[in-house]
Structure formats: structure tokens, C-alpha cells
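S.K.: One structure follows; several queries about it will come next.
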Amino acid sequence: MLNFFSAKKKDRSENIEIDMSRIPKHIAIIMDGNGRWAKEKKLPRTMGHKAGVETIRGIVKEASALGVKYLTLYAFSTENWKRPSDEVNALMNLLIQYLRKEFKELNSNNVIINHIGEISKLPSACQKELIDAYNNTKNNTGLTLNLALNYGGRNEIVRAFKLMYEDIKSNKLNEECINENLISKYMYTNSMPDPDLIIRPSGEQRLSNFLLWQCAYSEFWYSNIKWPDFTKKDLHRAIYDYQNRDRRFGGVK
Ligand code: FPP
């Protein structure tokens, strides 16, 4: 249980004490390993994704309880369309089910259900659920849950260039206005802080086209745990490690 009267949260199973005054504002997770988790259990890959949804449920709840302001989950990349259509369809259905089933609880926990990525390419039923979920939670004030769907970092940068080009053509922008802050505003994450911590379970150590612009000074945390087995204890470990890093942002201390 989270002790709101203490500045530290102790995970009793290990010597982990999270400093509640230094919780990362923005955590981003590459939810990897669902397929391998299922294969190990001789189950179809889609069962791995289904188990992955259960993990999402617990991690969103814990992140919200810890006071994380933004949680970005990489759920479907611009490259994931290359997967067999059965798997793509199963992922889209899981998304719809998740939003329908979890909406009430997320809303009562004050969560804003947001999405990033080119959702106009998703099946219309998914688009509708995502847009409704956002419209019905946008005035909440708790955790912003960013579901990254048909998201790719390069695609996002191309989109930003195109939007800027339009604004230059219509004289809303000129060369002098262009700086890093302005470019950030053209990203899907426009008003959000960059991720402090990027977590990738499953043993892979790459970014896979995730938040390329935003990750300039993110701390990375990898683990061999596959996403369906990822627990709130793993989240605590990642936050604890993050809190023990020396972030210098290119400067000296
Ligand atoms: C990567 O594991 C995972 C994905 C591409 C999909 C993640 C989706 C979910 C957890 C569920 C659906 C999402 C929502 C928001 C309800 P992988 O399949 O690449 O695993 P592998 O590398 O072991 O094959």
C-alpha cells in the first residue's frame, strides 16, 4: 500500500525505497515480449497480448498511485502492420475491449485516456473508442495515459515537418520562430514533458522507432522480464534505479 504520509515508499520484498518527491513525471514503456511469453507456454501469440493487457491494467493503476503524470505505452507501431492479419486484428480487438472494460475505473481514477500516433489508419471502431475515451476524460486532472497506436517516431517527425511547412506557407511561422521548443509543439506530445524514463522489458535493448525526438535525455531501463510478467515491483525497481542515476543533461555537477 502506498503510504501518503511518508516521503518514501518502501518495497518490503527488496531493499527498494522510492523517493516520492522525485517520481519521474513521464514514464514511457515499450511493452515487449508478449509473443515469446506465449511461445514459452505453447500458447498462440494473441494469448501473450491478452496477458499483456492484464499487465497494462496493474501498471496504469500503480503509476497513477505513485503520482506519475504521463505514462506512454507503445501498443502498436507503424511497423506492426507487417504482422499476420490475425494478430493485427486481435490487437485491435483487445484495444476496443480494454477501452470499454476499463473506461469506468480509469475515469474514476481521474486518468486522461489520450492517444498518440496516426489513428486515422486504424479500424473505425478503434478510432471511435479512442476519440470517445479522450473526449470523456480530457477534463480529468490525474495521470495522462498515452496509448501509442500506429505510432512511429520518424512518422511523427515527418508529420511535424509537414505541419510546420503549412504554417510557414500561411505566414503563421517564419525562420526566426523555429527552435527546439517550437518543434516539440508539432509532435503528438506537444504540451507534455519529454519522458524521464523509458522502460523496455523482454531483454531487447533498442528504441524501435519510439519517441525519437523526445528521448534526447531520457534514462533507459531494460529488464529480461517479458511484458506479461512485468509487475509493479519491476516498475518500482525501474523508478528506484532512475532515482539513483546522475542526470547531468550534458552539463557538470
Ligand atoms: C510487443 O511484443 C507487443 C506489441 C507489439 C503489442 C502490445 C500490445 C498489448 C500489450 C495489448 C494491446 C494494447 C492495448 C492498449 C489494449 P511482441 O509481440 O513483439 O513480443 P515478441 O517480441 O516476444 O514476439
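S.K.: For the stretch 105-137 and the stretch 220-243, what is the separation of their Cα centres, given in Å?
M.R.: 26
S.K.: Could you work out Rg/(2.2 N^0.38 Å) for the stretch 1-125, with Rg from alpha carbons only?
M.R.: So the stretch 1-125 has a normalised radius of gyration of 1.22.
S.K.: Let me ask another. Can you pull the three principal axis extents for the Cα set of the stretch 116-180, in Å, largest first?
M.R.: Cα spread of the stretch 116-180 along its principal axes, largest to smallest: 38, 28, 21 Å.
S.K.: Quick one: compute a quarter of the convex hull surface over the Cα atoms of the stretch 21-88 and quote it in nm².
M.R.: Across all orientations, the stretch 21-88 yields a mean hull projection of 5.3 nm².
S.K.: Roll a 1.4 Å probe over the protein chains and send me the accessible area per residue for the chain in Å². Working shown, then result.
M.R.: Details: 13760 Å² over 253 residues.
Heavy-atom accessible area per residue stands at 54 Å².
S.K.: Given a cut-off of 20 Å, what percent of all Cα-Cα pairs of the stretch 99-248 lie beyond it?
M.R.: 62
S.K.: While we're looking at this one, here's another question. Across the stretch 204-219, in residue order, what do the Karplus-derived ³J(HN,Hα) couplings come to in whole Hz, using 6.51 cos²θ - 1.76 cosθ + 1.60 with θ = phi - 60° and x for Gly and Pro?
M.R.: With coefficients 6.51, -1.76 and 1.60, one gets 7, 10, 8, 8, 6, 6, 9, 6, 4, 6, 7, 8, 3, 10, 6, 8 Hz.
S.K.: Let me ask another. Using bins 10 angstrom wide from zero, how does P(r) for the chain break down, in % of all Cα pairs?
M.R.: 7, 29, 36, 21, 7, 1
S.K.: Continuing with this model, one more query. Once you have the alpha carbon radius of gyration of the stretch 70-124, what is it after dividing by 2.2 N^0.38 Å, with N set to its residue count? Present the calculation step by step, with values, prior to reporting the outcome.
M.R.: On the way: Rg = 12.6 Å, N = 55, 2.2 N^0.38 = 10.1 Å.
The value comes to 1.24.
S.K.: Return the subset of K25/K138; K226/K253; K121/K232; K9/K104; K25/K104 for which the Cα-Cα distance in this structure is over 29 Å, preserving the input order.
M.R.: Values: K25/K138 18 Å; K226/K253 36 Å; K121/K232 33 Å; K9/K104 27 Å; K25/K104 24 Å.
Among K25/K138; K226/K253; K121/K232; K9/K104; K25/K104, the Cα-Cα distance tops 29 Å for K226/K253; K121/K232.
S.K.: Which value, in Å to one decimal place, does the Kirkwood hydrodynamic radius take for the stretch 185-253 when every pair of different Cα atoms is included? Mind dumping the intermediate values first?
M.R.: Values: mean 1/r = 0.0741 Å⁻¹.
Value: 13.5 Å, from the Cα pair sum.
S.K.: Got a sec? Charge dipole of the chain, +1 on Cβ for Lys and Arg, -1 for Asp and Glu; which of Y217, M47, Q243 is way out at the positive end?
M.R.: M47
S.K.: In terms of modelled amide H atoms, which long-range or inter-chain residues lie less than 5 Å from the amide H of I116?
M.R.: L147, A148, L149
S.K.: Rounded to the nearest 20 debye, what is the charge dipole size of the chain about its Cα centre when +1 sits on each Lys and Arg Cβ and -1 on each Asp and Glu Cβ?
M.R.: Here the size comes out at about 500 debye.
The values are calculated or read from the model by the stated rules, or taken from the named source; none is laboratory data. Model, not experiment: these values are computed from the prediction. Virtual Cβ from ideal backbone geometry, glycine too; neighbours counted across all protein chains shown. Surface areas here come from the heavy atoms of the whole protein model, side chains and all, with no ligands, DNA or RNA. Shrake-Rupley method; radii C 1.70, N 1.55, O 1.52, S 1.80 Å.
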